[in-house]
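J.: The structure is given below, and queries will be raised subsequently.
The values are calculated or read from the model by the stated rules, or taken from the named source; none is laboratory data. What you are looking at is a predicted structure, and each value in this text was computed from that prediction instead of being measured. Here the Cβ is made from the backbone with ideal geometry for all residues, glycine too, and neighbour counts use every protein chain on show.
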Amino acid sequence: MVFCLFCLQVVVRGKGLPQFQKKEVSYMQKNRTRWLAAALAAVMLTGGLMASAAGQPEGESDVNLARLAGVSAKASDTDGDTFTADKTIDGDTSNASRWGSKNDGAGTTQHTLTLNLGAKRTITSFQVFWEKDNIRDYAIQTSIDGTQWTDQVTITGAEPVREAAHPLQQEVEAQYVRLSVTKYDQSANNWWNVGVREFEVYGHKPEGTSPGGDELVTLPKGTNIARQDGVTATATNVEANTSFTADKARDGDKASKNSRWATDQNVKDPTISYNLGAKYMVGSVVLYWENDHADKWHVQTSMDGTQWTTQKSFEGKLTPASAPIQTVNFDQPVEARYVRVWIEAYSADWNNVSLYEFEVYQEKSEVVLTPANTAAALAQSLNIQDGKLVMTGEVPEKYTATWGCNYEQVVDASGTIHTPLVDTKVEVSVTVRDKADTTNCGTSTVELTIPGVNEANEGNQKPSVIPELAQWYSSAQQKGQVFTLTAGSRIVADQNFPSVAQELQTDIRDLFGLKLPIVSGTAQAGDIVLTHHDQGGFDKETYNMVVTDQVVIQANDATGAYWGTRSVLQALKLSGNGTIAQGTARDYPEFENRGFMLDVGRKPYSMESLKEISKTMAWYKMNSFHVHLSDNLIFMEDYLTKDPSQDNVDAVRQAYQGFRLESDKEGLTSKDYAYTKAEFKDFMAYSRALGVDIVPEIDVPAHALSITNYIMYTLKQPDLVLNQLRAGGHPWVDHVDISKQAGIDLVKDIFDEYIDCGIYDENTIVHIGADEFYDSHPAYRNFLKQMIDYIENDKGLQVRVWGSLTQMSGGEGAPFTADDVQGAQMNIWNTGWANPQQMFNLGFGLINTIDVDLYMVPGNKGVGGYGDWLNTQSLYNNWQPENMGGTWIPSGSSQMLGACYAIWNDNIDTRAAGISETDSFARFVDALPALGVKMWGTGGDGLDRDYNTLKADVATLGTAPNTNPYHLVSLADGTQEYVQYSFVDNQDRSGNNRDLTLNGATLTQGVLTLSGKNAYASTGLDVMGPNNTVSLRVYKDSAANQGEQILLEADAAYGEHTVKAIANQDGTWKLGFARELYEYVFNYNLPCDQWVDLTLTNDGGTTYLLVDGKKISAEGSFLPDEHATTQFKGKTGITYSSFNIPVARIGSTTNPFQGQVDDVMCYANGVEPAQRVLVQFDSQGGSVVADVALLPGQTVAEPAAPQWEGHTFGGWYTDKACTVPFDFTTAVEADTTLFAKWTAVEPTPEPTPEPSPEPSQIPS
């Protein structure tokens, strides 16, 4: 079999890019109007002369020596890149083709134009075609060696003339001719310069040469015309402040970065052109591109440098992205004196165009055999034979070739086709590597349609779920038929998926209020069935969802079964009526890694929050939760002083840092909050049961201040850490010194603790960080090689790293090769730190985490990379996981793992921004559905919905069932407040039955009294999320006058979650709140010994206090306390004040408010609390009985009887005269006063004493 690279042009089709097309387009035809205008202008300027024969002498043997092959022109200076010296020997005497010098503003600067005739010639005359008639003094000189010059023509005070002929009295021999102008007038607009349209040198025709303007020059076959003497290169643009000029493209250097032509960014229609110096037959060009930036480009030829004919046009992206080589064979060789490449469109992060080399050949060229064009040819040879996809092209001996499909569930690695439900588009990627150097790699991706069981869907439309279903078929007979979930439905599960069945049961109850039984056996109409199912093409995430009057979920793994239940629940919810259209879905992901990363090192997050994130990720079928466990303040330069001599390394080491996993190593684990080993292991198991893998990351050797402080202060080994404070303006005190083996071994010992005890089990992907190390490049490479080998081989686990190898490529020693990869995975976060193509060529599995697309830094401004939020709409409409900063990684390659978006908490310590866990969750979930769709894939048929429809569906679906990340509070039907306490008793009068439970607190005279060290009333609530309000009346007792006293609180995983009174030094009190290590204070003095009405409201990013109609904001601080790991600087004056108001307890278990509280109400912002009616108790001389506020229509509880000495209480009456008794079973509709009835008690008379008996009467 012959391996044919037939006229091959290698272009890779990327998603969102146009298909490669071969076009034959005449540039003149496309731009006819523009060309005609230029041509007419040229005719007018030159009086109709387009050739340069005006000064030619009459001798037959004399020719214009300047037009012979090999002649070159050079000028002392040039005004821009257009009017260059070579234009004076191109045969075009129009003003459009000329040399122009710079404007000197005076007309006295000498300007020279020098011709190298290529050999010694016999010269008889000269002709100069000036641009303008402003030339006064000039000379024409000749030289044999280009050093010693002889005047042949000298003109002073010349009369204005455009075409000056100068015959010589005697012929002269010379190789060099120089035109030297020393005086010239200004032209229009105060412009002083020299312009020459053509400089002709006449003499005897040399033997064996041909005049370039007339006769065809022929060179030996295979000769690169561009390298011949006399060829000049020009470009419409050159990158500013560089040496990347057009001539570098013809210097023979095909690979050096410093020898190339490059443009500035965003230049319109750049071109690079050759004046070949003679007429040649041109049959091909070979372009050695630096990169794949070009999107649309043309190869053109011309005889005069003005009128261009397009020989070939191309559209698409070249492959590989780095240094693609393009052989362009013309359909037929054509006569040409000029050749150029016109780049009409291009795109990249660094948006410019660059060519290493631009070769020109007379004949068609053999395609330069590369892995890239080999891959393209092999991709074109893919076809279906006997139910398999086969590659029929022959692989050259020096290469290896592999291929894969983006949907292996349709076409697996063996080529076996698992017939889809309907015709399905897939992408197949071929990768070719050089056996001698596997990093010499090329890829090509083609789109194929795999025939399905059915050509297309015939019945019901695909059910709406997020992410969308990969395959769907509904028969014509099923059209209009649905499955309906009812109270009589059951969950029928075999023994394989018990936990999935239980999760489905609880989620259905939460979403639809139905408690379905879990049964085994035969299913019936209305049932949801979970069954184990082995089928070709099924991986652990694949499932079938067969919908008739039952729903049957078929999977071979619990993960696939669980994904199926997510689709069932979402389809039921989005239908609006608890139904699913009948048909069959086969669903599976395109990418194996669909991830989210959360930085918990810089900002702690409770374990409850992590679990809420895991379950919500699973709701949208995202499967990789990357937990960044350790880090520190990135802006440690904030700890430096203005005077470097005053810098203190120990002070810098106090910067905020986090190591969030319990460790046996003293001083390593964060004091303010960390996860125990047991709870983190449980969290990993909990998440895995939901289909979500936890990827724990301990970041080393940089971003490791907790570790370097442990080394410094616990191990007392300062030689194993770096102590540079002003290296590049950024302290390196968070760098382990990995130039020493002991430093690397110490890092391994930290990982040993978690691997050897089973926290990281055999299925854990171990992330070792390895980003932004700024010291020795060879030391970094050695560290990475050792750590990959240690995790992969010594520990037998999968390792993952942040990409840094491109940035860390300097220095001698420890080269990182393809053999060092050993199956490691890499997050590509920045193309400067790790070039995606280079990392692919090395063999890393790649995860798109590109910062400009996928990084959020809460508290920053803006939307998009490093902004406060991601640009979700743009990501949904435009982003693709395999596009890594403009480099397209082949979707069908096993190295293209997927993507991961990230929240980085850079804004802590000196940059603290007040961001809460709820704030972070909102940002996480805002991007989750859109990115979930793109990472799961669209099944090959494009997006099912537009962005607005997606947002509407997300609003319906919300977060996962049985989660409450926003701390929403439920309301009973007909109620509007969450709770309402009047404290006459412990009753919740809102109608939600959240009655108080007292502990150390008392109800006295209709108020809640708090005193002592442990006094509170539990409400049955926890916290109220954003956009809620609590109102209450408080009476602060002045007797207790120190510290902080907690008015409201809830349990907190770390720090405290309170609303509290804070004592000032002068004895006054402020009101404030605390959450997640932040403290806030309102600019309000709380008076003592008097009742005050307070309303505390959060409206998202702001929490304010309302007192006497005045709105008072809070100011926050992030400062170390007794639980802090270090005494960091922190920050004050923080104005962002989001807050979930704690209402679990009125009072506190530790340090309660000292005083009294009354009339507590909690409700959502925008709710007008119902107008209360007041029942007042007039005891008419008896002890005070507190008033009671009620909703209209409620009954009032009968209070304890008042006391009045000497009187008997006779009940409560509606009138002062106490003639109409009040019935406490009667609903109160309006303000009411009840009066106590008293009956005075008659004094009891003193008893009359009996007379004493006579002595004689006393018994003896």
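J.: Can you work out which of the residues in the range 1159-1194 that are of a type in the set (Gly, Ala, Ser) and part of a loop (DSSP other than H, G, I, E, B) is nearest to residue 1005 (Cα to Cα)?
T.: It comes out as 1186.
J.: Quick check: anything in the range 495-518 assigned by TED's automatic domain parsing to the domain that holds residue 578 and assigned to a strand (DSSP E or B)?
T.: yes
J.: If we keep just the residues of the range 638-677 that are in a helix (DSSP H, G or I) and aliphatic (A, V, I, L, M), which is nearest to the chain's Cα centre (by Cα)?
T.: 652
J.: Moving on. Where in the range 917-1032 are the strands (runs of 3 or more DSSP E), entirely inside, with at least 2 residues that are not hydroxyl-bearing (Ser, Thr, Tyr)?
T.: Output list reads 977-981, 997-999, 1007-1010, 1015-1018.
J.: Is it the case, given these coordinates, that residue 161 is exposed (fewer than 13 other Cβ atoms within 10 Å of the Cβ), out of contact with any helix residue (DSSP H, G or I) (no Cβ under 7 Å at 6 or more places or on another chain) and more than 30 Å from residue 207 (Cβ to Cβ)?
T.: yes
J.: Do you know which residues across the range 973-993 are at pLDDT 95 or above and not hydrophobic (A, V, I, L, M, F, W, C)?
T.: 978
J.: If we keep just the residues of the range 1093-1116 that are buried (at least 18 other Cβ atoms within 10 Å of the Cβ) and in contact (Cβ under 8 Å) with a residue 60 or more places away in the chain, which is farthest from residue 966 (Cα to Cα)?
T.: 1094
J.: Looking at the range 774-795, I want the residues that are over 18 Å from residue 764 (Cβ atoms) and have a partner that is acidic (Asp, Glu) with Cβ atoms under 6 Å, at least 6 apart or on another chain. Which pairs are those?
T.: Note: pairs meeting the criteria are 785/820.
J.: Would you confirm, using the coordinates I've provided, whether residue 1095 is in contact with a strand residue (DSSP E or B) (Cβ under 8 Å, 6 or more places away or on another chain) and assigned to a strand (DSSP E or B)?
T.: yes
J.: Checking the conditions here, which among 854, 784, 870, 797 is of a type outside the set (Phe, Trp, Tyr), within 13 Å of the chain's Cα centre (by Cα) and farther than 17 Å from residue 887 by Cβ?
T.: When all the criteria are applied, what remains is 870.
J.: Could I ask something else about it? Against the definition (over 21 Å from the mean Cα position of the chain (by Cα) and surrounded by fewer than 20 Cβ atoms within 10 Å (Cβ to Cβ)), how does residue 982 come out, yes or no?
T.: For residue 982, the condition - over 21 Å from the mean Cα position of the chain (by Cα) and surrounded by fewer than 20 Cβ atoms within 10 Å (Cβ to Cβ) - is not met.
J.: Need pairs with beta-carbon distance below 7 Å; first residue farther than 13 Å from residue 653 by Cβ and assigned by TED's automatic domain parsing to the domain that holds residue 637 and within the range 711-729, second part of a helix (DSSP H, G or I) and at pLDDT below 95; sequence gap 6+ or separate chains.
T.: Filtered contacts from the range 711-729: 726/644; 729/637.
J.: Take the range 145-199 and flag every residue that is outside any strand (DSSP E or B), without any contact (Cβ under 8 Å) to a residue 12 or more places away in the chain and not charged (D, E, K, R).
T.: Correct list: 147, 148, 188, 189.
J.: Looking at the range 683-727 only, could you name the residues that are closer than 15 Å to residue 740 by Cβ, touching a Leu at 6+ places or on another chain (Cβ under 9 Å), among the aliphatic types (A, V, I, L, M) and not in a helix (DSSP H, G or I)?
T.: If the condition is that a residue be closer than 15 Å to residue 740 by Cβ, touching a Leu at 6+ places or on another chain (Cβ under 9 Å), among the aliphatic types (A, V, I, L, M) and not in a helix (DSSP H, G or I), then 715 is the only one that fits.
J.: While we're looking at this one, here's another question. Of the conditions (1) out of contact with any strand residue (DSSP E or B) (no Cβ under 6 Å at 6 or more places or on another chain); (2) buried (at least 18 other Cβ atoms within 10 Å of the Cβ); (3) over 20 Å from residue 1077 (Cβ atoms), residue 613 fails just one. Which one is it?
T.: The number of the failed condition is (3).
J.: Let me ask something else. For the range 1195-1211, does any single residue satisfy the condition of being assigned to a strand (DSSP E or B), outside the structural domain of residue 1049 (by TED's automatic domain parsing) and in contact with a His (Cβ under 8 Å, 6 or more places away or on another chain)?
T.: So far as the range 1195-1211 goes, no, none of its residues is assigned to a strand (DSSP E or B), outside the structural domain of residue 1049 (by TED's automatic domain parsing) and in contact with a His (Cβ under 8 Å, 6 or more places away or on another chain).
J.: Within the range 1060-1104, count every residue that is within 30 Å of residue 605 (Cβ to Cβ) and either of a type in the set (D, E, K, R) or not assigned by TED's automatic domain parsing to the domain that holds residue 1153 (or both).
T.: 6
J.: Oh, and also: If I ask for residues that are of a type in the set (Phe, Trp, Tyr) and either in contact with an Asp or Glu (Cβ under 8 Å, 6 or more places away or on another chain) or more than 20 Å from residue 531 (Cα to Cα) (or both), which ones from the range 465-506 would you list?
T.: 473, 483
J.: Taking the stated definitions as given, is residue 248 in a loop (DSSP other than H, G, I, E, B) and either among the small types (Gly, Ala, Ser) or closer than 23 Å to residue 351 by Cβ (or both)?
T.: no
J.: Can you tell me how many residues in the range 887-912 are part of a loop (DSSP other than H, G, I, E, B), of a type outside the set (A, V, I, L, M, F, W, C) and touching a helix residue (DSSP H, G or I) at 6+ places or on another chain (Cβ under 9 Å)?
T.: 4
J.: So residue 950 fits all but one of (1) buried (at least 21 other Cβ atoms within 10 Å of the Cβ); (2) within 29 Å of residue 767 (Cβ to Cβ); what number is the exception?
T.: Against the list (1) buried (at least 21 other Cβ atoms within 10 Å of the Cβ); (2) within 29 Å of residue 767 (Cβ to Cβ), residue 950 comes up short only on (2).
J.: Looking only at the range 218-253, how many residues end up being surrounded by 17 or more Cβ atoms within 10 Å (Cβ to Cβ) and over 26 Å from residue 116 (Cβ atoms)?
T.: Going through the range 218-253 one residue at a time, the tally reaches 2.
J.: Oh, and also: Hey, among 288, 361, 280, which residue is surrounded by fewer than 23 Cβ atoms within 10 Å (Cβ to Cβ), at pLDDT 90 or above and not polar (S, T, N, Q)?
T.: 288
J.: Which condition from (1) surrounded by 24 or more Cβ atoms within 10 Å (Cβ to Cβ); (2) under 28 Å from the mean Cα position of the chain (by Cα); (3) assigned to a helix (DSSP H, G or I) is the one that residue 680 breaks?
T.: Status for residue 680: all satisfied but (1).
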